[in-house]
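*Asks:* Pasting in a structure now, in structure tokens, and then I'll have a few things to ask.
Each reported figure results from applying straightforward, stated rules to the coordinates on display, with no laboratory input. Quantities reported herein were computed from a predicted structural model and do not represent experimental measurements. Note that we place each Cβ from the backbone using ideal geometry, even for glycine, and neighbour counts take in every protein chain shown.
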Amino acid sequence: MMTTSSAAGTSVTNETGKLDAIVVGAGFAGLYMLHKLREAGFSARVFEAAPGVGGTWYWNRYPGARCDIESMQYSYQFSEELQQEWTWSERYASQPELLAYIEHVADRFDLMRDITFEARIVAATFDEAADEWEVETDNGETVRARYFIMGVGCLSAPIKPKFDGEDSFTGEVYQTSTWPVGGVDFTGKRVGIIGVGSSAIQSVPLIAEEAEHLYVYQRTPNFVVPSQNRPLSAEEVAAIKSDYKGFRAKAYAGLTAFLFPRHDQSLFDLAPDERRARLDSQWEIGGLPFLGAFNDILTNEDANREVAAYWRSRVDEIVKDPKIADLLTPDEMFACKRLCAGTGYYEAFNRDNVTLVDVRNSGIECFTPDGLRAEGEDYALDAIIYATGFDAMTGGVTRIRITGTGGQTIQQKWADGPQTYLGLTISGFPNMFNMVSAGSPSVLATMVTCAEQHGDWIAHCLEYMRDNGHRRIDATPEAEADWVAEVNRAANASLRSTCDSWYVGSNVEGKARAFAPYIGGWPPYVQKCSAVAGNGYEGFELAG
Ligand code: N01
């Protein structure tokens, strides 16, 4: 091993003086990848645009930001010691607690020394003669390595729509996904928030408590169920920790890689009053587990409609003004978009200082020096918040100028939607791996578990190549086409592919419509990945 110095820091490199792997992103995926690569004896450096670790949980510091997967499951499982020593305080962890956890992991496993912060990867080019990637940062640094591994996140490329006159606005402007460290005080201010996705849904109730007045600009309503977040009791934490491995194994065997009460029964198997009782009990459990009430909510339109009607009856119990309740009601399939988990969201619209502004017709027309104009009306504002979402699933990848063999760019390759083999690799981009992204269960499972499964698979693959003297691995076009067909088959079997959402990319102008994550289930996905590896990396061409 040699040690080289660069403007960015000091890296342990292999005997040729080069890094074995460049990893992009110091979120859950990138950090685990670094740990695994080191364990397997590879040299690696992580490049991270932020000044600290955490990825999503570094950037999304808006009020109320928290996870919608239970914290006891939204955490690493590779180290029993780590699982035992860390104690989560709430059922769903808040952003500060998640960030503290990730920082703890980085320290505990001594990861920081191989991370270069405030260095965004802007370009990566495969050198076909050397079988290496040359990667460029926005600081002008160029680094080479045999392997290029992306852990860039599925919801990491924020969208900021352009509005006429946006520079004329004299007040404060924020975006939920790049929230200032240290927070914002909205006391006594007139605040406008654009968008009503999960980010707005979590922040609206808290901003409403602080602001003089909050205007919520809604173009398309979302389904929100109560998260039923609460502190975790010492007893329930101890019960899980007494057999954390067994608990994780059960989760791993499930469709989404996380455990929740799920009834494998059609809505139509129950009499109407029993259906209501079942929905009531799942409503009390709250959040994403609400979808576990029946097994056909996302596959049978009639079942879906009945659940939507139930949801509306619960909203009517909360929202005092029926006209506002109407406005808050989506006209699409229930949970076609990602179901939102909220705390006090609908209650916020009963407050005198909160106004729901329907902008579905002429939209937000322009910003003005004093605020904005929407649907023909002027709103005086001290602050405007963009809660306008992400170029999800692919944006983190396609915002990098990536060039594979024959000069093909990732933008060309994915012009009609993401093409991958197992989500992990892209034919024509040898020695490049894409963690927890398009083509794998990613956002439909729990991201941390997916990061570990991908990290393990990639590390084993690199070991296999080292053991067999290979320098290059590339998915064959045939294997990739078969996998894309399987991703599409699974998507077409779900109602989730039928509406506009970031799952299909319809929130980004000009983006090809394609259901990006793999919705065929976690166990078949893991089995497929293991079978491919077990069969000597079937579907790949190995060379060198
Ligand atoms: O983004 P979104 P998000 N004028 O895309 C609106 C995860 N997440 O950041 O639907 C007016 O859902 C847009 O309107 P429309 C989670 O997976 C998780 O909130 O295009 N409005 C929409 O209302 C989530 O699904 C948590 O008509 C405009 C909103 O902006 C994903 O991240 C918390 C507009 C964007 O909603 C994304 O959530 C937060 C315009 N020009 C995020 N442009 C957890 O709970 C856009 N909009 C774990």
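*Asks:* Post the alpha-carbon centroid distance, the stretch 326-390 to the stretch 223-271, in whole angstrom.
*Replies:* 32
*Asks:* Give me the percent relative contact order of the stretch 329-435, please, defined on Cα pairs under 8 angstrom at least 6 residues apart. Kindly include the intermediate steps, with their values, before the conclusion.
*Replies:* Values: 75 pairs, mean separation 10.9, N = 107.
Rounded, it is 10 percent for the stretch 329-435.
*Asks:* Quick one: the Cα spread of the stretch 293-335 along its three principal axes, in angstroms, biggest first?
*Replies:* Here the spans come out as 33, 18, 13 Å, largest first.
*Asks:* Please compute the net charge surrounding R190, taking Lys and Arg as +1 and Asp and Glu as -1 over other residues with Cβ under 10 Å from its Cβ. Don't jump to the answer; show the numbers that get you there.
*Replies:* Working: positive: K189; negative: E212, D370, D382.
Spelling it out: positives minus negatives among the neighbours equals -2.
*Asks:* In addition: Mind checking the dipole of the chain: about its Cα centre, +1 per Lys or Arg Cβ, -1 per Asp or Glu Cβ, Debye to the nearest 20? Intermediate results must be reported in sequence, preceding the final value.
*Replies:* Values: 47 positive and 75 negative charges, 102 e Å.
Dipole size: approximately 480 debye.
*Asks:* Could you work out how much longer the chain between T299 and V237 gets when fully extended? Use 0.36 nm per residue separation minus the Cα distance between them, nm to one decimal.
*Replies:* Numbers: separation 62, 0.36 × 62 = 22.32 nm, distance 3.46 nm.
Length gained, T299 through V237: 18.9 nm.
*Asks:* Name the residues whose placed amide hydrogens come within less than 5 Å of the amide hydrogen of G27, ignoring near sequence neighbours (fewer than 5 apart) on the same chain.
*Replies:* The answer is G54, G55.
*Asks:* Which of the lysines could be linked to K18 by a straight reach, that is with a Cα gap under 27 Å, when you skip same-chain ones fewer than 8 residues away?
*Replies:* Those lysines meeting the cut-off are K36.
*Asks:* What whole-number volume per residue, in cubic angstrom, does the convex hull of the C-alpha atoms of the stretch 182-221 give? Can you show the working numbers first?
*Replies:* On the way: hull volume 2.6 nm³, N = 40.
Convex hull volume per residue, Cα atoms: 64 Å³.
*Asks:* Taking a quarter of the surface of the convex hull around the Cα atoms of the stretch 101-165, what do you get in nm²? Mind dumping the intermediate values first?
*Replies:* Working: hull surface 30.5 nm².
If I average the Cα hull's projected area over directions, I get 7.6 nm².
*Asks:* Let me ask you something else. For the stretch 268-390, what percent of Cα pairs sit more than 21 Å apart? Kindly include the intermediate steps, with their values, before the conclusion.
*Replies:* Values: 3877 of 7503 pairs.
Tail fraction, whole percent: 52.
*Asks:* Determine the calculated [θ] at 222 nm for the chain from helices alone, applying -39500 (n - 2.57) to every DSSP H run no shorter than 4 residues and normalising by the residue count; nearest 500 deg cm²/dmol.
*Replies:* Using -39500 (n - 2.57) per qualifying helix, the result is -9000 deg cm²/dmol.
*Asks:* What percentage of all Cα-Cα pairs in the stretch 82-203 are separated by more than 18 Å?
*Replies:* Details: 5347 of 7381 pairs.
Percentage above 18 Å: 72.
*Asks:* I would also like to ask the following. Whose amide H sits under 5 Å from the amide H of E375, counting only residues 5 or more places off or on another chain, with H placed in the peptide plane?
*Replies:* The list, which skips near neighbours in sequence, is S362, G363, E365.
*Asks:* Relative contact order, percent, of the chain when contacts are C-alpha pairs under 8 Å separated by at least 6 residues?
*Replies:* Over the chain, the number comes to 19 percent.
*Asks:* I need the trypsin sites (Lys or Arg not before Pro) found in the stretch 337-392, filtered to DSSP loop residues with at most 12 other beta carbons within 10 Å of theirs. Walk me through the numbers on the way to the answer.
*Replies:* Values: sites: K337, R338, R351, R360, R373; in loops: K337, R338, R351, R360.
Here the trypsin sites (Lys or Arg not before Pro) that fit, given the DSSP loop and packing criteria, are R360.
*Asks:* Can you work out the Karplus-derived ³J(HN,Hα) for every residue in the stretch 199-207? Use 6.51 cos²θ - 1.76 cosθ + 1.60 with θ = phi - 60°, whole Hz, and x for glycine or proline.
*Replies:* Once θ is set to phi - 60°, the couplings for the stretch 199-207 become 4, 5, 4, 6, 8, 3, x, 7, 5 Hz.
*Asks:* Pop the C-beta distance of I318 and A512 into the FRET formula with R0 = 30 Å and round what comes out to the nearest 0.05.
*Replies:* On the way: r = 39 Å, r/R0 = 1.29.
Step by step, r from the Cβ atoms, then E = 0.20.
*Asks:* Computed FRET efficiency, Cβ-Cβ of E81 and D326, R0 56 Å: what is it to the nearest 0.05? Walk me through the numbers on the way to the answer.
*Replies:* Values: r = 53 Å, r/R0 = 0.94.
After rounding to 0.05, the efficiency reads 0.60.
*Asks:* Another question about this same structure. Using the Kirkwood radius over C-alpha pairs as Rh, can you work out the diffusion coefficient of the stretch 418-543 via Stokes-Einstein at 20 °C, viscosity 1.002 mPa s, in µm² per second?
*Replies:* 143
*Asks:* Given labels modelled 7 Å from the Cα in the Cβ direction, how far is it in nm from A271 to K160?
*Replies:* 5.9
*Asks:* Report the per residue volume, in Å³, of the convex hull enclosing the C-alpha atoms of the chain. Show your work: numbers first, answer last.
*Replies:* Details: hull volume 83.0 nm³, N = 544.
Taking only Cα atoms, the chain has a hull volume of 153 Å³ per residue.
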